[in-house]
Amino acid sequence: MKKIFLLYFLTIAMAVFSQVQTDTSYTAYSAYQKDVKKYPFIKIAVKPKSQQIQQLNDAVYKSINGRQLHYDAFFKQSKKALPAIILIHGGGWKSGNKTQMHLLAQQIALQGYACFCVGYRLSDEAKYPAGVFDIKSAIKYIKDNASQYNADPNKVAVLGCSSGGQMAALVGTTNGNVSFEDQDASKQNANVQAIIDMDGILAFHHPESEEAKAAGLWLNGSYEENPEAWQQASALTHTGKNTPPILFINSNKPRFHAGRDDMIAILDEYKIYSQVKTFDDAPHSFWFYDPWFDDIVNYSVTFLDKVFNYNKK
């Protein structure tokens, strides 16, 4: 009996310790506690749950050596296929959680989009480009299963905040680049047709960039130690004719949109549509807060409606 109990205890202990220990330091509330000191007028945005939206939590899109990666879906019942939006949370590539994108996903879904909040491996667990591979895998999986969510696999946008914005831009600018995919390229691709980048940098090593420790943890070394990764992880490096239209929603702090103007110059050469919306008196994590939350939803939906030529009637 003692042996059975000991075996049971060891099994449970191994299961507990085998779980990935995630950094939970970056949340809407932790950001608020910091930001409210300088911006006393802000409030964390809150919206009632809508009965129109179906929500599915913790669906698995990928397993890696027993480690499951999940997404949460928000969508309406619809007779027509809805454009799909992949939402990527921020947290310096080290922290954050997909649930931080739930409110934004619900509000965009109310406007006739199928939204998917995606979890991915953070820098404490896996270095670049693992997280990018994860997002691309999620896009492929969601495309393959689009009918379950009334989603259109041919109309997909990627939206990210902060480090998630950086990843969204990188995912979009590497459309068709199989070196950024860890699955058979013959499978349905991970191309997207639009990007929304909220305060995510476009170039890691740039006159406007101030990236240091957090970037180095993700990129497996400082710029001096690993310059190739710093260049390859920069969306600006890959911007060209295959880059989809992009909306930049920014604070007025240059370090959080380093490389943006250089990227827009390239997009203009190829006549690719881009748009910039700037909140002049806002903290970096503005997407969590009123008075900007409703504007973020409106800017995003208006941009996506235009790019997808989306008639909701």
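Before I look further, what does the range 58-166 give for accessible area per residue, probe 1.4 Å, in whole square angstrom?
30 Å²
Just the number, please: percent antiparallel of the DSSP beta bridges in the range 162-313, rounded to the nearest 5.
On the way: 0 of 10 bridges.
Bridges in the range 162-313 that DSSP calls antiparallel: roughly 0 percent.
Quick one: which residues, 5 or more positions from K277 or on another chain, have an amide H under 5 Å from its amide H? H modelled 1.01 Å from N in the peptide plane, none for Pro or chain starts.
Distant-sequence amide H within range of K277: F248, I249, N250.
Average the reciprocal distances over every distinct pair of alpha-carbons in the range 53-135, invert the result, and give the Kirkwood radius in Å. Intermediate values should be presented prior to the final figure.
Values: mean 1/r = 0.0750 Å⁻¹.
So the Kirkwood estimate lands at 13.3 Å.
Please get the size of the charge dipole for the chain, origin at its Cα centre, with Cβ charges of +1 on Lys and Arg and -1 on Asp and Glu, quoted in debye to the nearest 20. Write down the numbers at each step before the final one.
Values: 32 positive and 30 negative charges, 258 e Å.
Roughly 1240 debye for the chain.
Can you give the helix-only mean residue ellipticity at 222 nm for the chain, where every DSSP H stretch with n ≥ 4 adds -39500 (n - 2.57) and the sum goes over all residues, rounded to the nearest 500 deg cm²/dmol? Intermediate values should be presented prior to the final figure.
On the way: 10 runs with 101 residues, N = 313.
Taking each H run of at least 4 residues, the total per residue is -9500 deg cm²/dmol.
How would you order 129-139, 232-242, 51-61 from highest to lowest mean count of nearby Cβ atoms within 10 Å? Don't jump to the answer; show the numbers that get you there.
Values: 129-139: 22.8, 232-242: 19.9, 51-61: 13.5.
Ranking, from highest mean packing down: 129-139, 232-242, 51-61.
Could you list, bin by bin from short to long, the percent of Cα-Cα pairs of the range 123-251 in 5 Å steps?
Final binned percentages: 2, 11, 20, 24, 20, 13, 6, 3, 1, 0.
Could you give the length gained on full extension between Q54 and T278, defined as 0.36 nm per residue of separation minus the Cα-Cα distance, in nm?
Values: separation 224, 0.36 × 224 = 80.64 nm, distance 3.18 nm.
Separation in residues times 0.36 nm, less the Cα-Cα distance, equals 77.5 nm.
So what's the net charge close to G216: Lys and Arg +1, Asp and Glu -1, counting the other residues with Cβ under 15 Å from its Cβ? It would help to have the intermediate numbers written out before the result.
Values: positive: K94, K127, K213; negative: D124, E210, E211, E224, E225, E228.
It works out to a net charge of -3.
Pick out, in residue order, every one of the GluC sites (Glu not before Pro) in the range 181-279 that is DSSP loop and has at most 13 other C-beta atoms within 10 Å; say none if there are none. Please report the intermediate quantities before stating the final value.
Details: sites: E181, E208, E210, E211, E224, E225, E228, E269; in loops: E181, E208, E210, E211, E224, E225.
Filter output for the range 181-279: E210, E224, E225.
With a 1.4 Å probe and every protein chain kept in, tell me what percent of the accessible surface of the range 51-198 is carbon plus sulfur.
Details: 2150 of 4910 Å².
So the carbon and sulfur contribution to the accessible surface is 44 percent.
Considering only C-alpha atoms, what is the centroid distance from the range 26-87 to the range 128-180, in Å?
With the range 26-87 and the range 128-180 each reduced to a Cα centre, they are spaced 16 Å.
Can you check what the net charge comes to around A258, using other residues whose Cβ is under 12 Å from the Cβ of A258 (Lys, Arg +1; Asp, Glu -1)? Can you show the working numbers first?
Working: positive: K253, R255, R260; negative: D197, D199, E208, E210, E211, D261, D262.
That sum, taken over residues with Cβ under 12 Å, equals -4.
For the range 179-292, what is Rg from Cα atoms divided by 2.2 N^0.38 Å, rounded to two decimals? Don't jump to the answer; show the numbers that get you there.
Values: Rg = 15.4 Å, N = 114, 2.2 N^0.38 = 13.3 Å.
Expressed relative to 2.2 N^0.38 Å, the Cα Rg reads 1.16.
Given 25 °C and 0.890 mPa s, compute D for the chain with the Stokes-Einstein relation, Rh being the Kirkwood radius over Cα pairs; round to the nearest whole µm²/s. Write out the running numbers ahead of the final one.
On the way: Rh = 20.0 Å.
For the chosen part, D equals 123 µm²/s.
Work through the residues other than C161 whose Cβ is under 11 Å from its Cβ and net out their charges, Lys, Arg +1 and Asp, Glu -1.
Details: positive: none; negative: D197, D199.
Here the charged neighbours net out to -2.
For T302 and K38, what does the FRET efficiency come to when R0 = 22 Å and r is the distance between their Cβ atoms, rounded to the nearest 0.05?
So, using R0 = 22 Å, E works out to roughly 0.15.
Using the Cα gyration tensor of the range 45-98, with a ≥ b ≥ c the square roots of its eigenvalues, what is the shape: rounded (a/c below 1.5), prolate (a/b larger than b/c) or oblate (neither)?
Working: a/c = 2.22, a/b = 1.43, b/c = 1.55.
Oblate, since a/c reaches 1.5 and b/c is not below a/b.
Expressed in nm², what is the orientationally averaged projection area of the convex hull enclosing the Cα positions of the range 63-207?
Numbers: hull surface 35.0 nm².
Computed as one quarter of the Cα hull surface, the answer is 8.8 nm².
The values are calculated or read from the model by the stated rules, or taken from the named source; none is laboratory data. The structure displayed is predicted, hence computed values, not measured ones. FYI the Cβ positions are ideal-geometry reconstructions off the backbone, even for glycines, and counts take in every protein chain you see. Ligands, DNA and RNA are stripped out before the accessible areas are found, and what is left, the full protein with its side chains, is counted by its heavy atoms. Shrake-Rupley method; radii C 1.70, N 1.55, O 1.52, S 1.80 Å.
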